[in-house]
Amino acid sequence: MGGFMYGIFGITASYAADVLLTIAGLVLILNVASRPLPPESEEQGVFDKIKAGLRFVFTNKIVLAAISLDLFAVLFGGAVALLPILPTRYFTSGHSVSAYFVLLPPWGLY
């Protein structure tokens, strides 16, 4: 989307939109209400705290799902970053096809 904005409206409008969206994000973050800290637990040892943390993660399905999703996104994100290398190194298609390899993942095509 940034590339289209840069191509249609120019660099000044692109940077202006970037600054405005950054300021809007900061304003929204600052408006999030803070909650009080939970009371300190009775567990004193490091291993007890690690066990309590693991118990929390594996009993809270939403947290476990978020951690698992992040794990797989990082694992497969590295492989997707290598896609533009394929046309230039292993095929004779050159740099023009390399742009299509960059466009495939956002559309869900691999």
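The values are calculated or read from the model by the stated rules, or taken from the named source; none is laboratory data. All values reported here derive from a predicted model rather than from experimental measurement. Because the Cβ atoms are built from the backbone with ideal geometry, glycine has one as well, and the counts that use them run over all protein chains shown.
Which one of Phe9, Phe4, Phe47 is loosely packed, with under 10 Cβ neighbours inside 10 Å and under 24 Å from Leu103 (Cα atoms)?
Sole residue among the options that is loosely packed, with under 10 Cβ neighbours inside 10 Å and under 24 Å from Leu103 (Cα atoms): Phe4.
Would you say Leu37 is modelled with pLDDT of 85 or more, of a type outside the set (Asp, Glu) and out of contact with any helix residue (DSSP H, G or I) (no Cβ under 6 Å at 6 or more places or on another chain)?
no
In the list Val19, Val27, Val32, Val57, which residue meets the criterion of being hydrophobic (A, V, I, L, M, F, W, C), at pLDDT 80 or above and not in a helix (DSSP H, G or I)?
Of Val19, Val27, Val32, Val57, the one residue that is hydrophobic (A, V, I, L, M, F, W, C), at pLDDT 80 or above and not in a helix (DSSP H, G or I) is Val32.
So, Phe56, is that one over 21 Å from the mean Cα position of the chain (by Cα) and not hydroxyl-bearing (Ser, Thr, Tyr) or not?
It is true that Phe56 is over 21 Å from the mean Cα position of the chain (by Cα) and not hydroxyl-bearing (Ser, Thr, Tyr).
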